[in-house]
Structures are given as structure tokens and as C-alpha cells.
Amino acid sequence: MKHLAPTTFRAFACAAGSCPDSCCRAGWEIVPDEETLNLYRTLPGKAGERVRAGIIPAHRGGHQPPAEPEEPLLRQNDARVCVLLDPDGLCHVQRNFGHEALCRVCREYPRFHREFGNLTEHGVSLSCPTAYALAVNAQLEWETWEDQAPVVPNELDPEAYLRLRRGRELALELLAREELPLQRRIELVRRLAASMQAAPEKRIHHDWALRLRRWETGIRARQAGIRGRRQAAVGAVIGRPPDTCYLSAPDRLAERFAGLEILSPAWEEKLAQFRTRYKNGSDAQCALLQTDRPEVYARYLAYSLYKYWLDALDDGNLAGRVERSVSMTLLGLAMDRAFPGEGPFLQRISREIEHCEENLSALLR
Ligand code: SF4
């Protein structure tokens, strides 16, 4: 099996008790796997009893009391914090029985893995503050490796996969162009996705790559003082910078997110505050989309597209996925600007959206 990952994947190490925003407080519903539940049934002593008390058992047929879910869950307190989290920020299971005793979800988070034919892609979710800091503070770099793991047969359409993968490479290359304003980079990626979706049979990414090469030739020509046709090629790709509010004004973005399932009361409060302050739109709120730290947002968006772009293999909805990632990025930017020192809001938004299928699908629509 071949493997691909951003370098942050192997560099990540959990901050445990010093984490500023622990995943155990995120309010996610964690379903422990069967193997872990079997282990938990055998854990000895009072420490083992506490682990068992931290599981809400699944309902097994007959009359269903409202307190019993369809699947077993890790129990949370009223503030939606996992009851197995100790006051010092460490996990009771890990402290007493080791990392391997964690259920699969807790053991793996924030890492994710996805298989495409003979390639497994790995990454880290930016809902984790440690992974987020690693990702946005350095250029996105990659590593590849191979091992003897068997390739599991699947129904991947090789042509569609290669086309989407090349399109994604191009999108990430565009986002890394620090010489372009952030808004312009985002707009180019949106247009690339929309054109690829509108003509799935065409080699759009190939045309775009050619245009990009021409643009680079134009830049070099301009630097060398050469005028004429080459300069026209530059203008054709770069064009005029778009309006700052070209995609959606922050109040409209916030409205979309307010209609989603809210996982954390603190996020609900902040979003409501933002909506009250910026309701009815205004030119001033468009200034919230300007930043002197464009690379933070470009890198976040690149990570998001790395994670979700290839999901368009399932339903062809590439533009919808790009819009979802762009909306999350722009709302994060606007909220970072509106509430300085209270962010990073991109990490908080990831936390609300990325681990809740209902929220992911609602934003896709
Ligand atoms: S959010 Fe990340 S760093 Fe914090 S406890 Fe969870 S995995 Fe560790």
C-alpha cells in the first residue's frame, strides 16, 4: 500500500493535560467499538468500575426508555464534557490502563485515514488546536511512503479519481500562491471546481495548469521587462481583484451556520453575538474579510480541500464541497477579526462541523 500525508500527520502529538480546548469537551457523541467494550467489561478494581459507569449502554429491543441510545455512547455531563475526563485534563482510561485501552475513535483523533485504490491518504483534523497550530503556521508539505499492507478491493473509478486528484493538486498549488491576494486565490479555486463539475468529461485541470504555466512565464517576462503578448497572458489569469464580499457577506455566512446543529453552548453564544452585531449587512462588515495574515486562511482552506475534495467521487458535487470549505474559512476569518484574541475561530468552526454528519451535509446543500 502507498501512503500520502501532510508532514503534520506524523509531527502531531497530543497536548493532553495542557491542551487549551480538549476534544473531550467538544460535545461529540463517541460510540466505542465492540473490541474496546469487551476490554472494558474486564477492567479490574474501582478504576475499571468508573470506566464502565462512563458508558451509556445501547438499548437492546423491546420498550426503549428515552435515556438509552441505539448504540453505546461515552457518557457526558450536563456541559457535554466526557465524564471520564479528570479535573487535571487527563483521561481516566489512559491514565489507568494506557493509550491502547482508549476506544478507536479517541485513540485515532485527530488523525484520519482514507483509502483510494492502492493509496491511503492520512491527515489531521483542524478541530484539534494542536493540529490546527501545526497546520496554519507552516507551509503545507507532503510525505509519501510504502508498506506491505494489502490493498483492499474497491469500486474506485480510476479515471474520475485521477482527474479529481490532479484538480486538487492544482487547487492546492493556487492556494499556495502568496503573490496573489487571498480573495483572488479563493475565487480561482472556486472557478476551477465549478468548471470541473460543469464538464466532468473534459480535462479542465489540464487547461488550468497550462494557464498557470503561462501566467508564470508572464511574471518572468514582466520581471525581465518584456512587454506584449506575454503580459496579456498574465492579465488573463490574474484579472482584477474581486470585491471583498464577493462570495457572501459575513452576516449571511453566519446565518447559514446558525441553522446547523449546535454542539457547544459557547459557540452558540458567540455566533449569536456575531449575528446581532452584523445583522442586515453593511459595507463595514465586508472589511472583516480582509486580513494581514492571509496564509493562515489559505493553509486552512488547503487542508480542508485535501480532506474533502475527493469525496466528490461519490456524487459529483465538487463545487458544493469547495463552497462549504470556503464558507467555513471566511466565517472563521470574519469572526477572528470581529473578536480579536478569542479565536482561532477556524478551529472552533471545524469542531462544530467536521465531526457531525448532519452539519457536513447541511452545508453541502
Ligand atoms: S484536542 Fe487534540 S491536543 Fe487536545 S486533547 Fe484532543 S487530541 Fe489532544
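What follows is calculated from the coordinates using simple rules that are stated; it is not laboratory data. The shown structure was predicted, so the numbers you read here are calculated from the model rather than taken from an experiment. Here Cβ is always computed from backbone atoms with ideal geometry, including for glycine, and neighbour counts include all displayed protein chains.
Calculated from DSSP H runs of 4 or more alone, at -39500 (n - 2.57) each and per residue, what is the 222 nm mean residue ellipticity of the chain, nearest 500? Helix contribution divided over all residues of the chain: -15500 deg cm²/dmol.
The alpha carbon radius of gyration of the chain, expressed as a multiple of 2.2 N^0.38 Å, is 1.11.
Please list log₁₀ I(q)/I(0) at q = 0.13, 0.15, 0.17 Å⁻¹ for the range 13-108, using the Debye equation with identical point scatterers on the alpha-carbon positions. Here log10 of I(q) over I(0) equals -0.44, -0.59, -0.76. Split the chain at each of the GluC sites (Glu not before Pro) in a DSSP loop with at most 15 other beta carbon atoms within 10 Å, and the longest piece is 262-341. For the chain, the longest principal axis of the C-alpha atoms and the axis of helix 265-278 are separated by about 30°. Between the helical axis of 294-308 and the longest alpha-carbon principal axis of the chain there is an angle of about 70 degrees.
Based on the mean of other Cβ atoms within 10 Å per residue, sort peptides 308-317, 74-83 so the most packed one is first. Display every interim value, and only then the final one.
On the way: 308-317: 16.4, 74-83: 14.6.
The densest-packed peptide leads the list: 308-317, 74-83.
For the range 1-43, the extents of the C-alpha atoms along the principal axes are 38, 35, 19 Å, listed from largest to smallest.
In summary, the lysines within cross-link reach of residue 279, defined as a Cα separation below 28 angstrom excluding same-chain residues under 8 places away, comprise 270.
State, as an integer percentage, the relative contact order of the chain based on alpha-carbon contacts under 8 Å between residues 6 or more apart.
On the way: 457 pairs, mean separation 68.5, N = 365.
It comes to 19 percent, rounded to a whole number.
Computed over every Cα-Cα pair of the range 103-165 and binned at 10 Å starting from 0, the pair-distance distribution P(r) comes out as 16, 38, 36, 10 percent.
Helix 204-223 sits at what angle to the longest principal axis of the chain, using alpha carbons and giving 0 to 90 degrees rounded to 10? Value to nearest ten degrees: 60.
What are the semi-axes of the equivalent ellipsoid of the range 250-353, taken as the square roots of 5 times the eigenvalues of the Cα gyration tensor, listed largest first and rounded to whole Å?
Details: eigenvalues 104, 50, 36 Å².
Equivalent ellipsoid of the range 250-353: 23, 16, 13 Å, largest first.
Of all DSSP-defined beta bridges confined to the chain, some 85% are antiparallel rather than parallel. Relative contact order for the range 92-189: what percent, with Cα pairs under 8 Å and sequence separation of 6 or more? Once normalised by length, the contact order is 15 percent.
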